[in-house]
Amino acid sequence: MIIGIESERANHPQKTGVEHYAKQLILHLAEIDRQNRYILYLRTKPESWFFSLPKNFTVKVLPFPIFWTQIRISWEMFIHPVDVLFIPASALPIIHPKKKRCDHPRFSLDILPAGFYLV
């Protein structure tokens, strides 16, 4: 399975709640899952820790000035779709796979096992 993760939050130099959550999620997935393929989408140059992830993790830098999630990630999903897309923030791209997860810092609606919900 190919799982895309919007990782710009994890790449932020001044991490707060969502940023720490996104980074820890990626690091823990890297520890427990060597079967699925992960594509980590960034808008900016990756921090050094991204380069120590296992081989089933790929970093893809997609520069774009504004509305990066809604426009640039949408375009990426149109030309290179993934099986599941995870957005650790409150905005989904306009074009997205059927299976996706969007987390908001104030609430989360979990309706699937293991704490994931599909919209």
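Throughout, read-outs are computed from the coordinates displayed, never taken from laboratory work. All figures in this text were calculated on a predicted structure; none of them were measured in a lab. FYI the Cβ positions are ideal-geometry reconstructions off the backbone, even for glycines, and counts take in every protein chain you see.
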Potential lengthening between His20 and Ile71 on full extension [0.36 nm per residue; Cα-Cα distance subtracted] = 15.9 nm
What net charge do the residues around Ala30 carry, taking every other residue with its C-beta under 13 Å from that of Ala30, with Lys and Arg at +1 and Asp and Glu at -1?
-> +2
Counting Lys and Arg as +1 and Asp and Glu as -1, each charge on the Cβ, what is the dipole of segment 1-69 about the Cα centre in debye, to the nearest 20?
-> 160
How much net charge surrounds Asn11 when only the other residues with a Cβ under 14 Å from the Cβ of Asn11 are counted, with Lys and Arg +1 and Asp and Glu -1?
-> +2
